[in-house]
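In what follows, a single structure is set out as structure tokens and then discussed.
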Amino acid sequence: MPPEQLRQVLIDLLDPKERKGTGKAKGTEYLNGILRGEIPIVVTCAIGMTACVIWLALHELRTFMHLDRGAEVNKGDGLMRIALYDESWTGYARRAESPIVVSAQ
């Protein structure tokens, strides 16, 4: 997949409103912050497979952006703060001792 198409897929994933053109779109801004290392993120999913694909896509896109537009990516300290939670959300939520915080956002 070409890098710009991959970028759009990640933007749509982060903010479906941006794809639909409704509400205040934050996907592009959020993705840029992740790629610059300004916004930390933990990638997880229901069964563990999708999170790995998203993690890899973010790293691939950052590599492309670094090679193509190094100055844009390196506005932060240059470190990408992305973690992969290597257990499924389902497994985590099943354990009684697992804290689950629900945000109003």
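The figures follow:
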{"quantity": "Matching residues in segment 43-66 - criterion: being more than 20 Å from GLU4 (Cβ to Cβ), of a type in the set (A, V, I, L, M) and surrounded by fewer than 16 Cβ atoms within 10 Å (Cβ to Cβ)", "calculated": "ALA46, ILE47, MET49"}
{"quantity": "Restricting segment 15-34 to residues that are small (Gly, Ala, Ser) and at pLDDT 65 or above, the residue that is nearest to LEU61 (Cα to Cα)", "calculated": "GLY33"}
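The values are calculated or read from the model by the stated rules, or taken from the named source; none is laboratory data. Note that the structure is predicted; figures quoted are calculated from it, not measured. Cβ: placed from backbone, ideal geometry, glycine included. Neighbour counts: every protein chain shown.
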